[in-house]
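The values are calculated or read from the model by the stated rules, or taken from the named source; none is laboratory data. Just so you know, these numbers come straight off a predicted model, no measurement behind them. With ideal geometry, Cβ positions are generated from the backbone for all residues, glycine too; neighbour counts draw on all protein chains shown. To get the accessible areas, we keep the full protein, side chains included, count just its heavy atoms, and leave off ligands, DNA and RNA. Shrake-Rupley method; radii C 1.70, N 1.55, O 1.52, S 1.80 Å.
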Amino acid sequence: MGPGPSDVNPRVLRSMSTPLVGHLDPSFVEIMDEVQELLRYVFQTDNQWTLPVSGTGSAAMEACIGNLVEPGDSVLLRTEGYWGDRMAEMARRAGGTVVSLPTAANDPVGMAEYERAFAEAEIDVVGICHADTTTGIRQPNVGEMTDVAHDHGAYVIADCVTSLGGVPVHVDDWGVDAAYSAAQKCLSAPPGASPLTISDRGMAKVLDRDEDVRSWYLDLSLLEGYWGDERAYHHTAPITNTYALREALRVAAEEGIEARWDRHARVSERLVEGLADLGLSMNPPEGLALPSLNAVRVPDGVDDGAVIDHLREAYDIEVAAGLGGLSGEIWRIGTMGYSARDKNVAYLLDAMADALAAEGYEQTTATTPA
Ligand SMILES: Cc1ncc(COP(=O)(O)O)c(C=O)c1O
């Protein structure tokens, strides 16, 4: 129950012992078609250019940035955040110039600052983190932000790593030009084949580039040779990861994407209520908490690392510490995919009470989440 990888459904684990076939075998091509169709479903898009990128979420991130950002493009990003920083590093390497979006550490991007950034500079590409795995905060208005970007002719990339398959993602309704995710979060598959989707408008920019994409491996115009109609060799697909992703996507489709979003919301709500009963409060502002990643404030006088160790050693439960400025301030508890289950929450809450008691924590009356 950390920030990912989440627990993998046994069905998905079993699919990984399927014998390998070649990456151009007709039976594998059928699996590729199925993966692409199911990815369109979870992304809620009709985008033709929808595929799993070989590699983890950062590879899909770099594919979006490396293809959409051309040398000389200006890229608007929230650079104080962990993921915005990573996007900025990739944008610079792609030859872009980063424009920083000032945002208070524990808030989503505000519309006033966002619109001001467009008034003050010409922006070509915008990166938005929909689900921030470091703070547990959800960016609530991706569609509205996209409209503003489009009014200025800019392209939008959305990081849906910790939302896809667990928190509502509406690629077509939002109108984002590209979105990416990872397999090991709410889809509960092993890391290694990472969902990416790009609109016709986004792909037109990629195909119209003056300069080749700097990464050969992640060049979408080349990958299309394999994942598009041609089905020609580009690189050897991670066959086993593709089996696993297909099975995980089938599990998601059988449950139904809306039912899956509801389950994540319900399980997280139950966890937050139980934590409040222990006197613990949440990190995100009211109404902006991610149901997939629950960021809980560490109470005064409690050693966050000791609690993490206790949960792991005595209960086999993994939760994570805060990163960067939130180090020592929060715990990050994942309720993602197969891990988002009531029985996990009940077990964790009992274990948490024990771990806190071992730390000498005295439970106060329940506090309202900040
Ligand atoms: C929001 C977000 N973006 C990108 C990534 C990078 O994904 P990966 O670690 O799979 O490369 C992560 C990983 O946790 C993430 O949480």
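Of the listed requirements (1) outside any helix (DSSP H, G or I); (2) at pLDDT below 95, GLY325 misses just one: (1).
A residue that is in contact with a strand residue (DSSP E or B) (Cβ under 7 Å, 6 or more places away or on another chain) and assigned to a strand (DSSP E or B) cannot be found anywhere in segment 298-316. For ASP25, the test of being away from the ligand (no atom under 16 Å from the Cβ), in contact with a Lys or Arg (Cβ under 8 Å, 6 or more places away or on another chain) and among the charged types (D, E, K, R) is failed. Quick one: is LEU76 buried (at least 23 other Cβ atoms within 10 Å of the Cβ), touching a strand residue (DSSP E or B) at 6+ places or on another chain (Cβ under 9 Å) and within 22 Å of LYS205 (Cβ to Cβ)? Yes.
Give segment 28-48 a look and list any residue that's among the aromatic types (Phe, Trp, Tyr) and under 13 Å from SER194 (Cα atoms), or say none. PHE43, the sole residue that qualifies.
Of the strands (runs of 3 or more DSSP E) entirely within segment 51-145, those holding at least 1 residues that are within 12 Å of the ligand (Cβ to nearest atom) and under 16 Å from the mean Cα position of the chain (by Cα) occupy 125-129.
Can you tell which of ASP208, ASP172 is free of Cβ contacts under 8 Å to residues at least 12 places away in the same chain, of a type outside the set (A, V, I, L, M, F, W, C) and over 16 Å from SER292 (Cβ atoms)? Give the steps one after another, and end with the answer.
Details: ASP172 fails: free of Cβ contacts under 8 Å to residues at least 12 places away in the same chain.
Sole residue among the options that is free of Cβ contacts under 8 Å to residues at least 12 places away in the same chain, of a type outside the set (A, V, I, L, M, F, W, C) and over 16 Å from SER292 (Cβ atoms): ASP208.
Scanning segment 228-251 for residues that are closer than 21 Å to ILE198 by Cα, surrounded by 15 or more Cβ atoms within 10 Å (Cβ to Cβ) and touching a helix residue (DSSP H, G or I) at 6+ places or on another chain (Cβ under 7 Å) yields ARG231, HIS234, THR242, LEU245, ARG246, LEU249. Among the residues of segment 301-339, those that are more than 18 Å from GLN184 (Cβ to Cβ), of a type in the set (Gly, Ala, Ser) and in contact (Cβ under 8 Å) with a residue 60 or more places away in the chain comprise GLY301, GLY322, GLY324, GLY325. Could you tell me whether any residue of segment 52-64 is free of Cβ contacts under 8 Å to residues at least 40 places away in the same chain and open to solvent by 50 Å² or more (accessible area, probe 1.4 Å)? Checked segment 52-64: no residue is free of Cβ contacts under 8 Å to residues at least 40 places away in the same chain and open to solvent by 50 Å² or more (accessible area, probe 1.4 Å). Mind listing whichever residues of segment 181-205 are open to solvent by 10 Å² or more (accessible area, probe 1.4 Å) and touching a Leu at 6+ places or on another chain (Cβ under 9 Å)? Of everything in segment 181-205, those that are open to solvent by 10 Å² or more (accessible area, probe 1.4 Å) and touching a Leu at 6+ places or on another chain (Cβ under 9 Å) turn out to be LYS185, PRO190, GLY192, LYS205.
Within segment 250-261, is even one residue free of Cβ contacts under 8 Å to residues at least 60 places away in the same chain, on the phi > 0 side of the Ramachandran plot and under 22 Å from the mean Cα position of the chain (by Cα)? Yes, segment 250-261 has at least one match. When ALA276, ALA259, ALA321, ALA265 are screened for being touching a helix residue (DSSP H, G or I) at 6+ places or on another chain (Cβ under 9 Å) and either buried (at least 23 other Cβ atoms within 10 Å of the Cβ) or of a type in the set (A, V, I, L, M) (or both), only ALA321 passes.
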